[in-house]
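Asker: A single structure is presented below for examination.
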Amino acid sequence: MNGLTIGKVAKGAGLGIETVRFYEREGLITPLARSASNYRLYADDGITRLRFIKRAKTLGFTLREIKELLFLRVDPDATKGDVKEQIEEKIDDIKKRIRDLKKIQKTLETLDACCDGHGSADECPILAALEGTELLESKSYSKQKPH
């Protein structure tokens, strides 16, 4: 039987064998069959499919989203619009995550500014703020020492 072993598809896609096995368990790639010596054998396009998965992961797609994109790739009724919709949803998701990260960054910068970095950690206003909710929920922090 013709086909590529898991080692060959993994190497060709620049992935580890365990990663290929993981993607197989997740239903993202399926071996054609097993060889006489019980090795997994993958279709010649297995490397292309794994590269697709790897690139999509690099772009922030979840495994569920990658499954949807892979389905669109083989669905004869799928349109470019269907694919574009998936990409636009991912863009919106990333924009939201960036906004959330900017809020976190601002809070961390506020925490950083409230501490001079000198003295005992038990008097650290950053640790005190993390123990409570005042600083993390407010927009500004006064440089008062915790009680």
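Asker: For the range 45-82, which positions are β-branched (Val, Ile, Thr) and within 27 Å of residue 10 (Cβ to Cβ)? Outline the logic, then answer.
Answerer: Looking only at the range 45-82, we keep the residues that are β-branched (Val, Ile, Thr), and these are 47-48, 53, 58, 62, 66, 74, 79.
47, 48, 53, 58, 62, 66, 74 - these are the residues of the range 45-82 that are β-branched (Val, Ile, Thr) and within 27 Å of residue 10 (Cβ to Cβ).
Asker: Of the residues 40, 64, which single one is loosely packed, with under 15 Cβ neighbours inside 10 Å, over 30 Å from residue 128 (Cα atoms) and either in contact with a strand residue (DSSP E or B) (Cβ under 8 Å, 6 or more places away or on another chain) or outside the structural domain of residue 125 (by TED's automatic domain parsing) (or both)?
Answerer: 64
The values are calculated or read from the model by the stated rules, or taken from the named source; none is laboratory data. All of these numbers come straight from a predicted model, not from anything done at the bench. In this analysis, Cβ positions are derived from the backbone assuming ideal geometry, glycine residues included, and neighbour counts consider all displayed protein chains.
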